[in-house]
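The values are calculated or read from the model by the stated rules, or taken from the named source; none is laboratory data. Bear in mind that the values here come from a model prediction, so they are computed numbers and not experimental data. As a convention, Cβ positions derive from the backbone with ideal geometry for all residues, glycine included, and neighbour counts pool all protein chains shown. The protein model used for the area step is the full one, side chains on, heavy atoms only, and it has no ligands, DNA or RNA in it. Shrake-Rupley method; radii C 1.70, N 1.55, O 1.52, S 1.80 Å.
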Amino acid sequence: MTADTAEATALIAEIEAQERRLTLTRFTNDDAWRLGVLLVDLARERDAAVVADIRRGGQQLFHYALPGTSPDNDAWLDRKCRVVDRYLESSYLVGTRFRAKGTTFEASSRLDPDRYAAHGGAFPLRVEGVGVIGTVAVSGLPQAEDHALVVEALTRFT
């Protein structure tokens with residue numbers, strides 16, 4: 001096992017643990033508002049130019065673009081959320097799994113890279129006894145930082 005493979009394996013285990021730990025007991029429209037505002041507040045504390053987005057069952061419940069973002073960030077959000085919708089796992093986990101196999105999502109997924117992006121920042125909203133019901137996502141930072149911002153917001157929210 002190479003150092004890169006070992007690092008990817010450890011990262012995969014960490015993200016899988018985050019997804020298990022951040023399972024919710026419920027998720028309402030009011031919860032989407034509270035989580036979204038928390039996410040925006042965390043981004044502001046860091047002076048992070050991100051777009052924050054929360055979706056449930058195909059409906060956008062929260063969307064906010066901080067100064068310094070552009071329509072490109074919205075396009076990235078859509079592409080990352082499609083990965084969560086398809087794989088029912090975080091976009092960062094999906095991309096990391098492909099990299100651990102020595103390839104990339106773009107080269108091996110057989111999905112249109114103009115519609116799907118397995119880059120960090122979109123996380124499944126999973127409810128106990130129900131499964132994945134939506135996504136919470138940010139776009140604007142490097143992928144590991146996008147992912148970490150969402151995980152921190154969900155951790156504080158739960």
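Looking at segment 29-158, the accessible area is 47 square angstrom per residue; that uses a 1.4 Å probe and ignores ligands, DNA and RNA. Computed in the context of the full set of protein chains, the accessible area of the chain at 1.4 Å probe radius has 49% of its extent on carbon or sulfur.
Screening the chain for whole DSSP H helices with an alpha carbon extent of at least 20 angstrom along the helix axis and a mean Kyte-Doolittle hydropathy of at least -0.5 yields 3-21, 29-45, 143-157. Model label sites at ALA17 and GLN60, defined 7 Å from Cα along the beta-carbon direction, differ in position by 3.6 nm.
Here's how it looks for SER139: its modeled amide H is under 5 Å from those of VAL51, which are all 5 or more places away or on a different chain.
With the cut-off at under 18 Å, measuring from each backbone N in segment 135-158 to a point 7 Å along the Cα-to-Cβ line of ASP30 picks out 157-158.
In segment 115-158, whose amide N lies under 12 Å from the spot 7 Å out along Cα-to-Cβ of ALA49? List them in ranges. Answer for this model: 140-141. Answer rounded, prolate or oblate for segment 1-53, using the Cα gyration tensor with square roots of eigenvalues a ≥ b ≥ c: rounded when a/c is under 1.5, else prolate when a/b is larger than b/c, else oblate. Judged from the Cα gyration tensor, segment 1-53 comes out oblate (a/c at least 1.5, b/c at or above a/b). Using Cβ point charges alone (K and R +1, D and E -1), the dipole size of segment 29-158 about the Cα centre works out to roughly 440 debye. For segment 19-158, the fraction of alpha-carbon pairs lying more than 24 Å apart is 23 percent, rounded to a whole number. For a label point 7 Å from the Cα of ASP72 along Cα→C-beta, name the residues of segment 115-144 whose backbone N is under 11 Å from it. Once the point is set 7 Å along Cα→Cβ of ASP72, 140 turn out to lie under 11 Å by backbone N, inside segment 115-144.
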